[in-house]
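This report concerns only the one structure given below.
Derivation of every value follows stated rules applied to the coordinates shown; laboratory data play no part. What you see is a predicted model, and the numbers here were worked out from it, not measured in a lab. Glycine also receives a Cβ, built like all others from the backbone with ideal geometry; neighbour counts cover every protein chain displayed.
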Amino acid sequence: MKHFYLKTMGCQMNDHDSEVITGILLSLGYQPTESVEKADFILYNTCCVRENPERKVYGHISAFRRLKEQHPELVIGICGCMPQQPQELETMLKRLPHVDLIFGTHNIHRLPELLNRATSGERVVEIWDEAQYGEGQDFRDQLPVQRTSKLKAFVNIIYGCTNFCTYCIVPYVRGREHSRTPDSIRGDILDLVAEGYKEVTLLGQNVNAYGKDLSEKTSFSSLLEDLNTIPGFARIRFTTSHPRDVGADLIGALASLEKVCEHLHLPVQAGSSRILKRMNRGYTRDDYLRLVDQVRQAVPEISLTTDLIVGFPGETDQDFQDTLSLVREVGFDSAFTFIYSPREGTPAARLPDQIPEDLKKERIYELIELQNAISDAQMQKLVGSTQELLVEGHGKSGLVGRTRTNRQVYLEGTEDLVGSLVSAEITQASTWSLQGRIL
Ligand code: SAH
Ligand code: SF4
Ligand code: F3S
């Protein structure tokens, strides 16, 4: 029996691709293992959105050289976003001579053949620049998927990104936007419901662009309306929304469709209009604040989360203060905060006024401290409220449920409740989680 060890880095696109990769490997007779020592095939599904995870890949894979010496038939592979960058691929080939197999984000379906060649001793490198699909199609549609959860599933609705924010590498490594057809998405969800899934998260780098590239034009809000009519499951989530593309129709869908959960991840990136312009985000600070107002007016209980970057080239103290004040003004439920990381090949990496590392760090600490205090206050507000929870699991400390607004709640209760919806009162709050009591 052969074993594989699969390490996944990066965003939900990679998480889902790893479910596809796992499906393929199981169909080839491989079994998963958590131990690199036990593995016959080690595969890293990589992310290149920032430098840190890239460094980690070099560190880990270099350390596997020893394993390879003890066990020469071991196949070591790298896939995902990192090798889609030509200069990174070159570096990888030089710095990691013991890597046997490299493929990218557009040719995962070729894994059986590529792995077969690699196990016969060939060094296999195959990267496609862009996948050639028929309209509305993708190779993932035909492949077996091994999902990690039995309750919640990710469903891609649109692949790629064509926004070209000036700091971001994603459009270069994931290709242009292409939507799946409403029928194939619906088909996936019908299958999931039949298997007992209770929640789906619709995925895309910008779900609001959904349908624009199909010849039978449709929109994200129409898709939500359609999926909302499927009986037998409880919750629809989606990520990510680009603030520029959120319109009245999506706000209406959030307010009126009962399965669509009250949570909007709305990455703002920065609070200064000058920086937003240099980032090519397509909205100003005021546009964003207006949008937040509209969303909150329509859906008062909504949870708003965001992504923030500090230290974008040319960011002055005043620009950074604008980010802090926007964060205060909006009061996000939580935020992912990032230090700007120059990515080779992107326009921002070539800007002259890069910010020194220590100043970036100072700024991110200040931002994190502020956001943590706000997150904590937002959580405290929930104490005493009644929430609908999907019970997602059972562990040592009892049941774990999740609110429609995507917050974790710990509860007492028996394992048979896993998978059901319960009503609970929130009794206690901390920055990251809640305690509740089933009503
Ligand atoms: N498509 C999504 C997010 C993609 S990447 C969106 O547009 O919202 C996730 C987050 O990583 C981004 O929102 C951004 O905050 C951050 N990010 C992207 N490129 C980065 C870079 N070069 N340096 C630091 N953070 C970056
Ligand atoms: Fe990157 Fe911008 Fe596309 Fe998001 S929308 S993936 S930040 S280019
Ligand atoms: Fe990273 Fe690729 Fe996602 S670069 S953020 S794993 S699309």
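Which net charge results for the neighbourhood of GLN142, defined as the other residues with beta-carbon distances under 14 angstrom from its beta-carbon, given Lys and Arg at +1 and Asp and Glu at -1? Write down the numbers at each step before the final one.
Details: positive: ARG110, ARG140, ARG180; negative: ASP138, ASP141, ASP188, ASP191.
Computed value for this residue: -1.
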With 29 Å as the limit, write out which pairs from LYS38/LYS150; LYS212/LYS277; LYS152/LYS396; LYS217/LYS259; LYS56/LYS212; LYS150/LYS259 have Cα-Cα distances beyond it, or answer none. LYS56/LYS212
Using only helices, what value at 222 nm comes out for the chain when you add -39,500 (n - 2.57) per DSSP H run of length 4 or more and divide by the total residues, to the nearest 500 deg cm²/dmol? -10500 deg cm²/dmol
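Quick check: from the Cα gyration tensor, does the stretch 2-126 come out rounded (a/c under 1.5), prolate or oblate? Could the numbers behind the result be given before it?
Working: a/c = 1.36, a/b = 1.11, b/c = 1.22.
In terms of gyration-tensor shape, rounded.
Suppose a student asked you for the relative contact order of the stretch 2-126, using Cα pairs under 8 Å spaced at least 6 residues apart; what percent would you report?
Answer for the stretch 2-126 is 23 percent.
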Arrange the following residues from fewest to most other Cβ atoms within 10 Å of their Cβ: ASP245, ASP287, ASP333. ASP287, ASP245, ASP333
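Say R0 is 35 Å: what FRET efficiency, to the nearest 0.05, do GLU90 and LEU67 get from their beta-carbon distance? Please report the intermediate quantities before stating the final value.
On the way: r = 24 Å, r/R0 = 0.70.
With R0 = 35 Å, the Cβ-Cβ based efficiency is 0.90.
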The extension gain from ALA377 to ALA194, computed as 0.36 nm times the residue separation minus the Cα-Cα distance, is 61.9 nm
Taking the Kirkwood radius as the inverse of the mean 1/r across Cα pairs, report the Rg/Rh of the chain. 0.96
For GLU357, project a label point 7 Å along Cα to C-beta. Then give me every residue of the stretch 46-74 with its amide nitrogen under 20 Å of that point. 48-60
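Please compute the contact order of the chain in relative form: average sequence separation of alpha-carbon pairs under 8 Å and at least six residues apart, divided by the residue count, as a percent.
Values: 840 pairs, mean separation 42.5, N = 439.
Value for the chain: 10 percent.
Run the numbers on the stretch 166-233 and let me know its relative contact order in percent, using alpha-carbon pairs under 8 Å that are six or more apart. All intermediate terms of the calculation are to be shown ahead of the outcome.
Numbers: 36 pairs, mean separation 24.5, N = 68.
With pairs under 8 Å counted, the relative contact order is 36 percent.
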Which net charge results when you count Lys and Arg as +1 and Asp and Glu as -1 among the other residues whose beta-carbon is under 12 Å from that of ASN208? -1
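For the stretch 185-248, just say rounded, prolate or oblate: build the C-alpha gyration tensor, square-root its eigenvalues into a ≥ b ≥ c, call rounded for a/c under 1.5, and beyond that prolate if a/b exceeds b/c, oblate if not. Walk me through the numbers on the way to the answer.
Working: a/c = 2.23, a/b = 1.70, b/c = 1.31.
Prolate, since a/c reaches 1.5 and a/b exceeds b/c.
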Once each part is reduced to its C-alpha centroid, what is the distance from the stretch 172-194 to the stretch 298-324 in angstrom? 31 Å
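Counting other C-beta atoms within 10 Å, and keeping those with at most 15, which DSSP coil GluC sites (Glu not before Pro) do you find in the stretch 244-333?
Here the sparse-neighbourhood loop sites are GLU258, GLU301.
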Please give the Cα centre distance for the stretch 347-367 versus the stretch 58-114, rounded to the nearest Å. 31 Å
If each residue's Cβ is checked for other Cβ atoms within 10 Å, how do SER18, SER385 rank with the fewest at the top? SER385, SER18
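Kirkwood hydrodynamic radius, the stretch 149-261, all distinct C-alpha pairs: what's the number in Å? Write out the running numbers ahead of the final one.
Numbers: mean 1/r = 0.0692 Å⁻¹.
Roughly 14.5 Å, rounded to one decimal.
Length gain on complete extension for the stretch SER222 to ARG55, per 0.36 nm per residue less the alpha carbon to alpha carbon distance?
Gain on extension, SER222 to ARG55, equals 56.0 nm.
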Under the Karplus relation 6.51 cos²θ - 1.76 cosθ + 1.60, θ = phi - 60°, what is the ordered set of whole-Hz ³J(HN,Hα) values for the stretch 392-403, x standing for Gly and Pro? 9, x, 9, x, 4, 8, x, 8, 10, x, 9, 6
Alpha carbon centre of the stretch 262-286 versus the stretch 132-154: separation in Å? 31 Å
Could you calculate the contour length gain from LEU26 to ASP249, that is, 0.36 nm times the residue separation minus the distance between their Cα atoms, to one decimal place in nm? 76.1 nm
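How do THR427, THR403 line up, fewest other C-beta atoms within 10 Å first? All intermediate terms of the calculation are to be shown ahead of the outcome.
On the way: THR427 14, THR403 23.
With the sparsest Cβ surroundings first, the list reads THR427, THR403.
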